[in-house]
Amino acid sequence: MKKYKERSLRKMNYRTVAFIPVRGGSKSIPLKNIKNFFGKPLVYWTIKAAAEADIITKVVVATDSAEIEQVVSSFGFDNVEIYHRSAESATDQAATEDVLLEFAEKEMFDYIFLIQATSPLLQTQDLQSAYSQYINEKADSLLSVVLQKRFVWRKEENSRFFSPLNYDPNNRPRRQDWDGYFVENGAFYLTSRSALINSRCRVSGKVLTFQMHEDTYFEIDEPSDWEVVEKLMAKRLHTKVSDLSNINLLVTDVDGVLTDAGMYYSENGNELKKFNTRDGKGIELLRATGTKVMILTSENRELVRNRAEKLKVDFLGMGVLNKVAFLDDFFRQNPEFSYKTTAYIGDDVNDLEALSQVAFSASPVNAVTDVLEKVMYVSTYKGGEGCVREICDLIIKSKSNG
């Protein structure tokens, strides 16, 4: 990160603003900008990327929603401000340029990043590298892109037939021999205040592109996009899985891991929990390798005991408030096990201390942010939807390869 803070840029001391427009009126996904995404509101991720960039003076979140304003203010970033966009610039018909120009005509700055909240895969490094490229090559504007190697067709005018746009079907190139083409991914745009006001457009004059990772091709506009980007974020948070063949104990939490963390009640007030049969099969297959399984939870519910018995887990710890103290005592009494041979799946802050000590730590994709940032592996599945099965499969595969 620091390597992009070049001496020449520091001397120039340009005042650069990151501008993130977020409306409250999203129709495809209501209030999507503050919907939970990896333990934080969606907009948090792009704000964080911009707020931690050395070359950005301040981050401006433009919104018409008091609820969004309150959420953004709770993040606690010192260099983030709220801009109250006008009602006219927040309608479904308004273009992003409307609010961008509205802000530019009221505020003074040198350069501005227009950043889309729907691109949570954006990283601070992207912004800093793009800014360095933009300044050094003296461009008027810059936009983020991804390289694509797909053949594009369009419908012919006044016809029901189609024509190719970017290749000759008679000379169809092989993918490895084709340069492809660049597509806007919508993550960010960079231009000067003067170029923006003169052109009335986010892109003008001499334009550069900044190539981002192919995963960033996806933006969150529709519910289906949400699932795709969520899995891509999980993949990004993974570290390379090391050899797990020495793992002889798997410890798993219950709520938010073996269950979806929901609280269900019958008509007579009895609490219910939803478990996933795939997780159960994973535990069965893992135990068949000789690996022991422990359920460890702060709750003390008979239904958890019933589930543990059905799964035939080897150890059960219920009502455990200090999980590390419990495991310390367990390892003393059972010296064939240790942190060095234990895998642990958790989803909340009460799992953090244990997760930090085991040989392999993992979490479901919807764990709280503090956990997602600390574990070695983030499952592509949510709690109660197969995350335990995924970890069991990883251990089983490692043992079979060993």
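The values are calculated or read from the model by the stated rules, or taken from the named source; none is laboratory data. Quick caveat, the model's predicted, so the values are computed rather than measured. Note: ideal-geometry Cβ built from the backbone for every residue, glycine included; neighbour counts use all protein chains shown. Keep in mind that these areas ignore ligands, DNA and RNA; they rest on the heavy atoms of the full protein, side chains included. Shrake-Rupley method; radii C 1.70, N 1.55, O 1.52, S 1.80 Å.
This table checks each residue for (1) of a type outside the set (Val, Ile, Thr); (2) under 20 Å from Thr277 (Cα atoms).
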{"residue": "Arg305", "(1), (2)": "yes, yes"}
{"residue": "Lys312", "(1), (2)": "yes, yes"}
{"residue": "Phe315", "(1), (2)": "yes, yes"}
{"residue": "Tyr339", "(1), (2)": "yes, no"}
{"residue": "Ala343", "(1), (2)": "yes, no"}
{"residue": "Ala362", "(1), (2)": "yes, yes"}
{"residue": "Ile391", "(1), (2)": "no, yes"}
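Within region 179-264, considering only strands (runs of 3 or more DSSP E) that don't extend past its boundaries, which have at least 1 residues that are over 20 Å from Ala362 (Cα atoms) and acidic (Asp, Glu)? So that I can check it myself, show each step before the final result.
On the way: elements: 181-192, 207-211, 249-252.
Once the strands (runs of 3 or more DSSP E) in region 179-264 are filtered for at least 1 residues that are over 20 Å from Ala362 (Cα atoms) and acidic (Asp, Glu), what remains is 181-192.
Go through region 343-396 and report how many residues are more than 14 Å from the chain's Cα centre (by Cα), open to solvent by 50 Å² or more (accessible area, probe 1.4 Å) and in contact (Cβ under 8 Å) with a residue 24 or more places away in the chain.
The number of residues fulfilling the criteria is 8.
Can you give me the number of residues within region 305-319 that are over 18 Å from Gly282 (Cβ atoms) and either in a helix (DSSP H, G or I) or more than 34 Å from the chain's Cα centre (by Cα) (or both)? Write out each step before concluding.
As a first pass, look at region 305-319 and keep what is over 18 Å from Gly282 (Cβ atoms): 305-306, 317-319.
If we keep only those that are either in a helix (DSSP H, G or I) or more than 34 Å from the chain's Cα centre (by Cα) (or both) too, we end up with 305-306.
Qualifying residue count, region 305-319: 2.
Within region 269-277, can one find any residue that is assigned to a helix (DSSP H, G or I), open to solvent by less than 20 Å² (accessible area, probe 1.4 Å), closer than 22 Å to Leu394 by Cβ and not hydrophobic (A, V, I, L, M, F, W, C)? Walk me through it before giving the result.
Let us first name the residues in region 269-277 that are assigned to a helix (DSSP H, G or I), namely 277.
Cutting the leftovers down to open to solvent by less than 20 Å² (accessible area, probe 1.4 Å) gives us none.
Within region 269-277, none of the residues are assigned to a helix (DSSP H, G or I), open to solvent by less than 20 Å² (accessible area, probe 1.4 Å), closer than 22 Å to Leu394 by Cβ and not hydrophobic (A, V, I, L, M, F, W, C).
Restricting region 278-304 to residues that are part of a helix (DSSP H, G or I) and modelled with pLDDT under 90, which is most open to solvent (accessible area, probe 1.4 Å)?
From region 278-304, those part of a helix (DSSP H, G or I) are 278-287, 302-304; that's our starting set.
If we keep only those that are modelled with pLDDT under 90 too, we end up with 302-304.
Numbers: Glu302: 115, Leu303: 44, Val304: 3 Å².
Restricting to residues being part of a helix (DSSP H, G or I) and modelled with pLDDT under 90, the top hit is Glu302.
Pairs needed: first member in region 291-305, under 19 Å from Val324 (Cβ atoms) and of a type outside the set (A, V, I, L, M, F, W, C); second member anywhere, assigned to a strand (DSSP E or B) and open to solvent by less than 50 Å² (accessible area, probe 1.4 Å); C-beta distance under 6 Å; at least 6 residues apart or different chains.
From residues that are under 19 Å from Val324 (Cβ atoms) and of a type outside the set (A, V, I, L, M, F, W, C), the pairs are Lys292/Leu249.
One residue is enough: does region 177-184 have a residue meeting the conditions in contact (Cβ under 8 Å) with a residue 12 or more places away in the chain, in contact with an Asp or Glu (Cβ under 9 Å, 6 or more places away or on another chain) and either under 30 Å from Val371 (Cα atoms) or of a type in the set (A, V, I, L, M, F, W, C) (or both)? Talk me through it step by step, then tell me what you get.
Looking only at region 177-184, we keep the residues that are in contact (Cβ under 8 Å) with a residue 12 or more places away in the chain, and these are 178, 180-184.
So of that shortlist, the ones also in contact with an Asp or Glu (Cβ under 9 Å, 6 or more places away or on another chain) come out as none.
Checked region 177-184: no residue is in contact (Cβ under 8 Å) with a residue 12 or more places away in the chain, in contact with an Asp or Glu (Cβ under 9 Å, 6 or more places away or on another chain) and either under 30 Å from Val371 (Cα atoms) or of a type in the set (A, V, I, L, M, F, W, C) (or both).
Which of the residues spanning region 65-90 are polar (S, T, N, Q) and surrounded by 13 or more Cβ atoms within 10 Å (Cβ to Cβ)?
As a first pass, look at region 65-90 and keep what is polar (S, T, N, Q): 65, 70, 73-74, 79, 86, 89.
Across region 65-90, the qualifying residues are Ser65, Ser73, Asn79, Ser86, Ser89.
Can you name the residue in region 214-238 that is in contact with a Phe, Trp or Tyr (Cβ under 7 Å, 6 or more places away or on another chain) and at pLDDT 85 or above and is also farthest from Asn33 (Cα to Cα) among such residues?
Per the criteria, the residue is Val228.
Filter region 175-213 down to residues that are on the phi > 0 side of the Ramachandran plot and open to solvent by 20 Å² or more (accessible area, probe 1.4 Å) and give me whichever is modelled with the lowest pLDDT. Steps first, answer last, please.
Step one: list which residues in region 175-213 are on the phi > 0 side of the Ramachandran plot, which gives 180, 186, 200, 205.
Restricting the remaining residues to those that are open to solvent by 20 Å² or more (accessible area, probe 1.4 Å) gives 180, 200, 205.
Numbers: Gly180: 86, Arg200: 96, Gly205: 97.
Result: Gly180.
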